[in-house]
Amino acid sequence: IDENIIVGEKEYKGTPGLWELIVMKAPKDGDYTQDDYNNYAEILINTNALRKGKSSSPNGVTSSPNPTAVVIPSDPNALLERLDLLMASKAAGNTGVRNELVSICDELKRQKVL
């Protein structure tokens, strides 16, 4: 199963810890390594997922309201599982999943799964 993450020209090993950092709102300490954390930070920087701007936080870093990149796995089974989860989330009223849904559908179409 290939669950690595490719950002630009760089490929990151899709470890459980790195995925925990990417998909969980509050990742549990101990579920990820320092390497996972470093890779996660590099992904955030390289995708402009965090931007400096007007913010109430002391360092001025905020989540971007319109992310420039959505990081998704390349494994079709993982994509289908994530698609099911996002569809349920959307049905429950979460309006912030559209970009990821579109990206997953595009990737599944590219892989000729859809």
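The values are calculated or read from the model by the stated rules, or taken from the named source; none is laboratory data. Since the structure is predicted, the reported quantities are computational estimates derived from the model, not experimental observations. Cβ placement follows ideal geometry from the backbone for every residue including glycine, while neighbour counts extend to all protein chains displayed.
When you check LYS10 against the structure, is it of a type outside the set (A, V, I, L, M, F, W, C) and modelled with pLDDT under 80, yes or no? The answer is no for LYS10. Taking the stretch 82-114 as the range and being of a type in the set (Asp, Glu) and over 19 Å from ILE6 (Cα atoms) as the test, only ASP84 passes. Residue count for the stretch 14-34 satisfying the condition of being crowded, with 19+ Cβ neighbours inside 10 Å and in contact with a Leu (Cβ under 7 Å, 6 or more places away or on another chain): 1.
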